[in-house]
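Below is one structure, written out as structure tokens; comments come after it.
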Amino acid sequence: MADPVTATIVAALAAASATKLGEGLGEGVVTTFKSFYQAVTKRFRSEPDAQEALDDLRLEQSDTKAVETVSVHLERAAREDQEIGRLLAQLRSDVAGINQEGEGSVVNQIHGDVSGSARVIQGRDFHGGIHL
């Protein structure tokens, strides 16, 4: 499964929009994203499977399987193309900084299955007990 930062970058790539990366973007992040978008788009055009995966994600942006497929293609492209790798590393750093937990924010993540007697409660600022 793609990590949250990579999934955010993939969503921005599919939407062709740097604003999907988060709020408070500086000009540098937008410039990096534009360069990244152009490099990935150019590469994926020559890789039909990668382009098809990105097209599928553009049609259904909430499709987690499509996000994972594009992430796999993106990781391979980053290993094989130094420029894509550099830009992806920079975006990961930038996005992680934008989306860090801070005053007034909540970040909830669940990895894996929650079933049987397991319970997950997500929220912020609970006052008093929680009874199940």
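Numbers below:
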quantity	calculated
Semi-axis lengths, Å, region 26-77, gyration tensor of Cα atoms, sqrt of 5 times eigenvalues	20, 14, 9
Kirkwood-type radius of region 1-41, with distances r between different C-alpha atoms, in Å	10.3 Å
Estimated dipole of region 15-93 in Debye, rounded to 20 [Cβ of Lys and Arg +1, of Asp and Glu -1, Cα centre]	280 debye
Where region 16-69 is the region considered: accessible area per residue in Å², 1.4 Å probe	62 Å²
Cross-link reach list, lysines versus K65, counting only Cα pairs under 20 Å and skipping chain neighbours closer than eight places	K20
Shape of region 47-98, Cα gyration tensor, a/c cut at 1.5	oblate
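The values are calculated or read from the model by the stated rules, or taken from the named source; none is laboratory data. Please read all numbers here as calculations on a predicted model, not as lab measurements. Don't worry about glycine lacking a Cβ; one is built from the backbone with ideal geometry, like all the others, and counts go over all protein chains shown. Please note that ligands, DNA and RNA were not included when accessible areas were found on the heavy atoms of the full protein model with its side chains. Shrake-Rupley method; radii C 1.70, N 1.55, O 1.52, S 1.80 Å.
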